[in-house]
Amino acid sequence: MSNPQARPRQLSNNSGQRPQPQGTSSSQAGQGDKNKDDYVYFNRSTAGFSDEAVPKAKAAQLKLEHYYKLAVEAAVERNGRRVELERKLAADPNMSDERKQKQLQALGKKESTFLRLKRTKLGLDDFRTVKVIGKGAFGEVRLVQKLDTGKIYAMKSLHKNEMLKRDQLAHVRAERDVLAESNSPWVVQLFYSFQDSAYLYLVMEFLPGGDLMTMLIKYDTFSEDVTRFYMAECVLAIEAVHKLGFIHRDIKPDNILIDKDGHIKLSDFGLSTGFHKQHDSAYYQKLLDSANGVQQSAAPARNSVMVNPIHLTVSSKDQIATWKANRRKLAYSTVGTPDYIAPEIFLMQGYSNECDWWSLGAIMFECLVGYPPFCSENTHETYKKILDWRNHLIFPDDVHLSRESEEMIRGLLTSQNVRLNVEQIKNHSFFYGVEWDAIREIDAPFVPHLRSITDTSYFPDDQLDAVPDRPSGTDTSGNKDLAFLGYTFKRFNLTDKAL
C-alpha cells in the first residue's frame, strides 16, 4: 500500500479537479487536500548540524523563552496591581469618582515610569563607591551612591567565575529570589540586581547599625531582657522568610543586621532554598551541559552546605576572647562556620524549615552565655558535637539562666520532630509580655548613633585594607552566562528606604 503523504499531485481532467473518493463531496475533498498540501512533514533531528550550531541554537532557545516568560509575567503583575487598586477604590464609598479616577491615572503613570526603568540598562557606572564595608568568599559589599538620585545603598558584588568554580549558582539565585519576592520589613530590601561580564550585583538598602555578631563581640553577653527583644524580632524575621516559601539554612549573628532604629533584618540568603528547580545545583549543571553539547552524567550534585575544616582556638572558657577575634576572620573566609547549623542538615536525611529554629536556639545560647553551644577547636569537632548534641549541650555552672530561658533553648536545640514550631515559640513563657504585632514600633535597646547617612563606624574595617574600591575581574565567556539568565531585577514602586 502506497504512502498517501508521498503520493504526488494528480490532476484528472481539464477543469483541474482532483479525483474524489467515493461518497465524498467536492467541497470536503478539496478542503482536505488543501490542508495536506499546506502541512509540511519533517523529522526533528540535529544530525548534520555542526558542533557549534547546536549549543548556539540551545542558547537562543533559552533566551527567547526567558524573554517571553518575563513579558507575560510583567503583564500579569501590571493587571494584578490595577485590579487590586480598583477593588480598594470600589470598597471606599466616601471617595469621589473624580478622586478615584486620579488614583487610577497616577497608577498608570507609575507603570509607565517603571516600564522605562526596566528598559534602562543599569550598570556599575551608575553608582559611586563611598566605602568598602564588608567582604566574603565570593565578593565584597560596598556603600554606594546612585549618581542620578544621590540615594545611598549597599551593593553586594559576586564574582561569576568563583560562583561557577565553587558550584554556587543555585545559592546565588536563591538569594536573589528571596530578596526580590520579599516586601517584609524583616528582610533586607532589594532595589536592583544586575550583572556585567564579570560580576553579579545586588543593590540593597543600607543598614548602618552593623550586625549582631559585632554587638556580641563588643558586649560579650546580653541580659535576658535584651536577648528577649532580639530573639523575638528574629522569630518574626524567620517566620516571614518561611511564609515566602523559603528556608534560610544559615541563620547566624553575622546575618542579622541592625537598621538605623536598632531593629533587626535578615540578610545573606546564599544558603537558602525554596525547593525550586533553580535553587538546585543539578539544574545549572544540566543547563550548562546542554548548552555546550555535553552528555549529562548521573553523578549526584555536591552537598554545598557542608564546609571545609578551619582551625579555631577555643576549648575552654579562658580562650573565648581569642575565639571571638577569629570569629570575624571566619566570617570573611570561604569556609563559613557550622556552629549554628542543625544536625539534620549535616545528616542529609531530609529537613524542613525547623532547621532555622535550631539556629535561633544556638544564637540565643550565645547571647546569654557568651559563645555558641558546640564551638570547638576545629570544625570537625563542632560537627561531632552537633550530631551528638544530647551529650554536648551543657549550660555552664557560672552563668545563671532563668528556668524559662533554659527551657526555650532546650526546646529549640532538640530533635527535629519535637522542636518547637513558631506558634509554640511565640506562646512560650520566655516571651511573656511580648507584643508581637507592635514590637517594631517600640524603642530598641541599642540605637546606633549616626553622624551622617554614610556613617559606617559600626562596620569593622580591619580586614578591608586590600579591597579595591571598584570590582575587577576576569570576564565569563560563552554559554556560561546562560547560568545567570534572569538575574536582573528592578523593584516596582521604589520606596524611600534608601537613604
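The values are calculated or read from the model by the stated rules, or taken from the named source; none is laboratory data. Everything numeric in this text was worked out from a predicted model, so none of it was measured. Backbone-built Cβ (ideal geometry, glycine too); neighbour counts: all protein chains shown. What goes into the accessible areas is simple: the full protein's heavy atoms, side chains included, and nothing from ligands, DNA or RNA. Shrake-Rupley method; radii C 1.70, N 1.55, O 1.52, S 1.80 Å.
If you go through region 415-431 and keep only what is touching a helix residue (DSSP H, G or I) at 6+ places or on another chain (Cβ under 8 Å) and either part of a loop (DSSP other than H, G, I, E, B) or closer than 23 Å to Lys243 by Cβ (or both), you end up with Gln416, Arg419, Leu420, Asn421, Val422, Gln424, Ile425, Lys426, His428, Phe430, Phe431.
Collect the residues in region 336-349 that are within 17 Å of Val418 (Cβ to Cβ) and either open to solvent by 40 Å² or more (accessible area, probe 1.4 Å) or not in a loop (DSSP other than H, G, I, E, B) (or both), keeping them in residue-number order. Walk me through how you get there before you give the answer.
Pass one, region 336-349, residues within 17 Å of Val418 (Cβ to Cβ): 342-344, 347, 349.
Residues satisfying the conditions are Pro343, Glu344, Leu347, Gln349.
In the condition set (1) part of a helix (DSSP H, G or I); (2) at pLDDT 70 or above, Ser45 is compliant with all but (1). The single condition among (1) at pLDDT 85 or above; (2) in the same structural domain as Arg81 (by the TED database) that Thr113 does not satisfy is (1).
Consider Val226 carefully, then state whether it is in a helix (DSSP H, G or I) and at pLDDT 90 or above.
Details: in a helix (DSSP H, G or I): yes; at pLDDT 90 or above: yes.
In short, yes.
Checked against (1) at pLDDT below 90; (2) open to solvent by 70 Å² or more (accessible area, probe 1.4 Å); (3) closer than 19 Å to His242 by Cα, Asp437 meets all criteria but (1).
The number of residues in region 367-402 that are modelled with pLDDT of 90 or more, open to solvent by 10 Å² or more (accessible area, probe 1.4 Å) and part of a helix (DSSP H, G or I) comes to 8.
Could we say that Ala237 is over 29 Å from Leu124 (Cβ atoms), touching a Phe, Trp or Tyr at 6+ places or on another chain (Cβ under 6 Å) and part of a helix (DSSP H, G or I) here? Spell out the reasoning first.
Values: over 29 Å from Leu124 (Cβ atoms): yes; touching a Phe, Trp or Tyr at 6+ places or on another chain (Cβ under 6 Å): yes; part of a helix (DSSP H, G or I): yes.
When the stated conditions are applied, Ala237 passes them.
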